[in-house]
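The values are calculated or read from the model by the stated rules, or taken from the named source; none is laboratory data. If you're wondering where the values come from, they're calculated on a predicted model, not measured in any experiment. For neighbour counting, all protein chains shown are included, and Cβ atoms are generated from backbone atoms with ideal geometry for every residue, glycine included.
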Amino acid sequence: MLPTPYVPFFPVERFIPQQIVRNARDRAESAVAEKVASLAEAVDDCREASNQYKEVKGTIESAEKLAKTWEKLSAEEKYESIRNSETDVNAIAKNTGYKNKNVQKCKNHLFHDIHRLDRYKSLGEPDEIKRFDANENQARAWKRLEEGTHTKEDLIWLKHEKAEQWYEQKHDTGYSESHEKAESHWSGTPWTNTNEE
C-alpha cells in the first residue's frame, strides 16, 4: 500500500489523488480569495480616505481664499458682509457659550441699529441719528469670534457691547451715556495694548 501523501489544509485519508489535488486547489483558491477580498477592502478604504483628504483640502483652500478676500475688504465692506451673514450668530454663540439671542442683540446693536450719537453735544454739535461708523478692529474681532480664534480682549469687547446695548435700550439714552456706563465695567477698546490696535 502506497503511503498517504501530505497536503496541507485538510486530512487526506481515504481520498484518491484527484480528490486530494482538487480539494487542495479549492482550499488554496479560497485562501487567496479571502486575501484578495481584504486587499480590495483596504484599497477601497484608501480611496475613500483620499477622497476625504481632497474634500478637506478643498475646504481649507476655499477658507484661506475667503480669509485673504476678507482682509482686502474695507471696514465698511466688512460691516456689510457681517450684516449679510446668516451663520455668524450661531457660530459665535457656540464659540463663546453665550446665548444666541444675546449675540443677536449685540449684532443688531453694532451693525444694524440706528443710534443717537451725541458724542460732540458738549461742543455744540447736533446729535446724529445713524448707525455706528465702521470700525476695522471691531470687524476683525467679530470675525475672530465667529471663527473661534478670538482673544480675551475680543470677549471683553463683546461684554462691553452687550452692556452698552442693554443700557441704551433700558434707559432710552444716547450713545455717550450708555458707552460710559459699559466702559466702567468693560473696555470698548481692549486692544489698545495689543497688535490689534
How about the stretch 86-117: which of its residues are in contact with a strand residue (DSSP E or B) (Cβ under 8 Å, 6 or more places away or on another chain) and either of a type in the set (D, E, K, R) or within 13 Å of L145 (Cβ to Cβ) (or both)?
-> R116
Within the stretch 99-138, residues among the aliphatic types (A, V, I, L, M), touching a helix residue (DSSP H, G or I) at 6+ places or on another chain (Cβ under 9 Å) and without any contact (Cβ under 8 Å) to a residue 60 or more places away in the chain come out as V103, L110, L117
Conditions (1) surrounded by fewer than 18 Cβ atoms within 10 Å (Cβ to Cβ); (2) more than 30 Å from T69 (Cβ to Cβ); (3) over 18 Å from the mean Cα position of the chain (by Cα): number failed by T173 | (1)
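Quick one: would you say S85 is closer than 30 Å to W142 by Cβ, at pLDDT 75 or above and of a type in the set (S, T, Y)?
Yes.
Filtering the stretch 139-170 down to residues that are among the hydroxyl-bearing types (S, T, Y) and without any contact (Cβ under 8 Å) to a residue 40 or more places away in the chain, which residue is surrounded by the fewest Cβ atoms within 10 Å (Cβ to Cβ)? Talk me through it step by step, then tell me what you get.
Pass one, the stretch 139-170, residues among the hydroxyl-bearing types (S, T, Y): 149, 151, 167.
Still in the running and without any contact (Cβ under 8 Å) to a residue 40 or more places away in the chain: 149, 167.
Numbers: T149: 10, Y167: 17.
Top of the filtered list is T149.
So, G174, is that one in contact (Cβ under 8 Å) with a residue 12 or more places away in the chain and touching a strand residue (DSSP E or B) at 6+ places or on another chain (Cβ under 6 Å) or not?
Values: in contact (Cβ under 8 Å) with a residue 12 or more places away in the chain: yes; touching a strand residue (DSSP E or B) at 6+ places or on another chain (Cβ under 6 Å): yes.
Spelling it out, G174 is indeed in contact (Cβ under 8 Å) with a residue 12 or more places away in the chain and touching a strand residue (DSSP E or B) at 6+ places or on another chain (Cβ under 6 Å).
Condition first: of a type in the set (D, E, K, R) and part of a loop (DSSP other than H, G, I, E, B). Now tell me which residues in the stretch 160-176 satisfy that. Working first, answer last.
First, the residues of the stretch 160-176 that are of a type in the set (D, E, K, R): 161-162, 164, 168, 170, 172.
Matches in the stretch 160-176: D172 only.
Yes/no per residue for (1) in contact with a Lys or Arg (Cβ under 9 Å, 6 or more places away or on another chain); (2) assigned to a loop (DSSP other than H, G, I, E, B); (3) at pLDDT below 95:
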residue: N90; (1), (2), (3): no, no, no
residue: A93; (1), (2), (3): yes, no, no
residue: N102; (1), (2), (3): yes, no, no
residue: R119; (1), (2), (3): no, yes, yes
residue: I129; (1), (2), (3): yes, no, yes
residue: F132; (1), (2), (3): no, yes, yes
residue: A141; (1), (2), (3): no, no, no
residue: L155; (1), (2), (3): no, no, no
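Which is under 30 Å from A139 (Cα atoms) and at pLDDT below 70, of A75, A67? Write out each step before concluding.
On the way: A75 fails: at pLDDT below 70.
Unique residue meeting the criteria: A67.
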With respect to H109, is the statement that it is outside any loop (DSSP other than H, G, I, E, B) and within 24 Å of S184 (Cβ to Cβ) true?
-> yes
Hey, could you check the stretch 1-47 for residues that are at pLDDT below 65 and within 60 Å of the chain's Cα centre (by Cα) and say which is surrounded by the fewest Cβ atoms within 10 Å (Cβ to Cβ)?
-> P8
